[in-house]
1. Could you list all residues from the range 256-287 that are surrounded by fewer than 20 Cβ atoms within 10 Å (Cβ to Cβ) and within 23 Å of GLY530 (Cβ to Cβ)?
2. Taking the range 358-390 as the search range and keeping residues that are within 21 Å of the chain's Cα centre (by Cα) and of a type in the set (A, V, I, L, M, F, W, C), which one is farthest from GLU435 (Cα to Cα)?
3. Sort out which residues of the range 351-383 are under 26 Å from VAL509 (Cβ atoms) and touching a Cys at 6+ places or on another chain (Cβ under 7 Å), and write them in order of number.
4. Only one of these is in contact with a Leu (Cβ under 7 Å, 6 or more places away or on another chain) and either at pLDDT below 95 or of a type in the set (A, V, I, L, M) (or both): ARG292, ARG349. Name it.
5. Just to be sure I understand the filter: pairs with C-beta atoms under 6 Å, separated by 6 or more residues or on different chains, first member in the range 505-531 and among the aliphatic types (A, V, I, L, M), second member surrounded by fewer than 19 Cβ atoms within 10 Å (Cβ to Cβ). Which pairs pass?
6. Test PHE527 against the criterion of being part of a loop (DSSP other than H, G, I, E, B) and buried (at least 23 other Cβ atoms within 10 Å of the Cβ), and give yes or no.
7. Filter the range 543-592 for residues that are free of Cβ contacts under 8 Å to residues at least 40 places away in the same chain, within 21 Å of LEU340 (Cα to Cα) and of a type outside the set (S, T, N, Q); which is surrounded by the most Cβ atoms within 10 Å (Cβ to Cβ)?
Amino acid sequence: MSTFVVEQDRFTLDGKEWKLVSGAMHYFRIVPEYWEDRLQKLREMGCNCVETYIAWNLHEKEEGKFTCSGGLDFSRYLKQAQEAGLYAIVRPGPYICSECDMGGLPWWLLRYEEIELRTYNAIFLEKTENYIRKVCEILRPHLITNGGNVVLLQIENEFGSYGDDKNYLRALVRCYEKNGMDVPYITSDGDNAAMLARGTVPGIYAAANYRWDSVAAMRVLKKFQPDKPGAVMELWNGSAIHCGKKLVKRDLKEVEYSVKSALENTALMNLYMFHGGTNFGFFNGSLYYDGRFTVQATSYDVQAPLNEYGGKTEKYYAEQKILCAYLGKEIVNETEEPVLADYGEATLRGVCALEEVFSPPPLYSEELLSMEECGQGYGYIEYETRFTSGAMGVMIGYPEIRDLAQVYIDGRYCTTVRRGEAVRGDFAVGAGEHELCFFVENMGRIHYGPHLKDRKGLLGRAVLFDKETQKHQTLKNWSVRCYPFATVSGPEATLLRGAPEENKPYLYVYEIDLNPSGDTYLETKGFYRGVAFVNGFPLGRHMAEGPQKSLYVPQPVLRKGKNEILIFEMKSSAAGRRAILSGKQILEGYTE
């Protein structure tokens, strides 16, 4: 059993001075078949430690149903890291940010009207303590004090960017202590005095996060914390991918400088990310600043040294050279490099209407219900009601749309409304009764900043203005159908005999015969927006706006023989659509 101690100006491991050189790599963004390969590549680059978050929202998708199986088995992940000769830093949150849905907090917390997130709130603390107890039960054997490899446990994450509720932070510390976490604790915040003051706990070791200058960041940290060694928990060496935004590639020389200066000025350097991986399914988060809503991409490549499919980049070799030279290690590259397979175009079997794939019973409500009030976490939700109009048409004041809605009247597509971009619509309809429908996409809950209570669907009320009578009316008596896309299968569904209707949501069913020989990427050519699945595995969101133009498909998802590709498309059109398993990772702006 080893001993790890944080001293005044250094770490010691078994009584000897030790520098902790870590790389961030999250088990939940990598299929488990590849954990060993990625951990070995981290070791080869020169690191002696892996850092991972624990994502509460994945482990407890429904309240009270906690799972750690398959790709969520972080116990197995930590064991494999130890077998690879790596120590571990674990960051269980409860909030983790990580550009993921609600910053890692589970959606069902929003079903509690009185809850306040990340505060000393009775409901939030009760749910958090239940989560921490379950995590600690699994984590305890992996602590270095019990013969494992976990040397540091992080309390919350970047709390100084959110609030200053010290009672909340102290409650988390007490909860971890009560559950046997007897390794040193650490906090991580931005590299300025205000964030450090708000986000740290007296007596708990603090780290600073930054992108550029280790010297300046550590100067701020040392002034705030003079009796502990320098530490950077997140040395960002790339940048996240935002839908509809241009990719900006970090200058390699700048990254090299930040790594060198971090090695010289800290006892702990954690590269964020070493390997980003993928936001499979609906795991991506979003941002809301200055009235603008921005969605994180499915790819979490983030220009990391190891790219999305596990390939060593130019940045990998540059950082490996720096790390090995500084630590006096021999450069070794024994792990295999992945080769992407080009399998070609899949065959379209047909197109399914949503009601042929799902049969959700309608919920009836006088007022609009949020997605969470309907018991739904992710996916899509449909709202229908009826109204009567005069001959001059109507204006509809929209409810708050979270996050994108396609509007239909009498089954006819009218418009697409994005969050915050429109407050009303003008519709030419004839006199009489009409059906109004909103088909709404949850594009990922806000993961950072003051707007974490990001309920989805339609919020508030929809108001009808009849141009003929000049009267306003609040629309009521809604029928709601939920489409969470938790499990999707095409062969059982009835395929359309004719062409799909314009601008309506459908599921496209493809097949391709394979003898899998490697990872690949799915190109969704001609599609507008939606989600894609291969053999039932949720690849993530496809969006025509880019910059991501292909979805990563790990080889373990494929099988010998027939493979089924399902692409849900929100807005069908006459344009040709193709599903291609291509040997290219396509991110507009650069291609690896």
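The values are calculated or read from the model by the stated rules, or taken from the named source; none is laboratory data. Just so we're clear, the structure is a prediction, and the values are computed from it rather than from any experiment. Virtual Cβ from ideal backbone geometry, glycine too; neighbours counted across all protein chains shown.
1. Listed by number, the list holds a single entry, LEU287.
2. Of everything passing the filter in the range 358-390, MET371 is farthest from GLU435 (Cα to Cα).
3. PRO360, GLN376, ILE381, GLU382
4. Working: ARG292 fails: in contact with a Leu (Cβ under 7 Å, 6 or more places away or on another chain).
Step by step, each of ARG292, ARG349 is checked, and only ARG349 is in contact with a Leu (Cβ under 7 Å, 6 or more places away or on another chain) and either at pLDDT below 95 or of a type in the set (A, V, I, L, M) (or both).
5. Cβ pairs passing all conditions: VAL509/ARG349; VAL509/GLY350.
6. Details: part of a loop (DSSP other than H, G, I, E, B): yes; buried (at least 23 other Cβ atoms within 10 Å of the Cβ): yes.
For PHE527, the condition - part of a loop (DSSP other than H, G, I, E, B) and buried (at least 23 other Cβ atoms within 10 Å of the Cβ) - is met.
7. Checking each candidate, the answer is VAL553.
Table: residues versus (1) outside any strand (DSSP E or B); (2) closer than 30 Å to GLU60 by Cα.
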| site | (1), (2) |
| --- | --- |
| ILE381 | no, yes |
| THR388 | no, no |
| ALA391 | yes, no |
| TYR408 | no, no |
| TYR413 | no, no |
| GLU433 | no, no |
| PHE439 | no, yes |
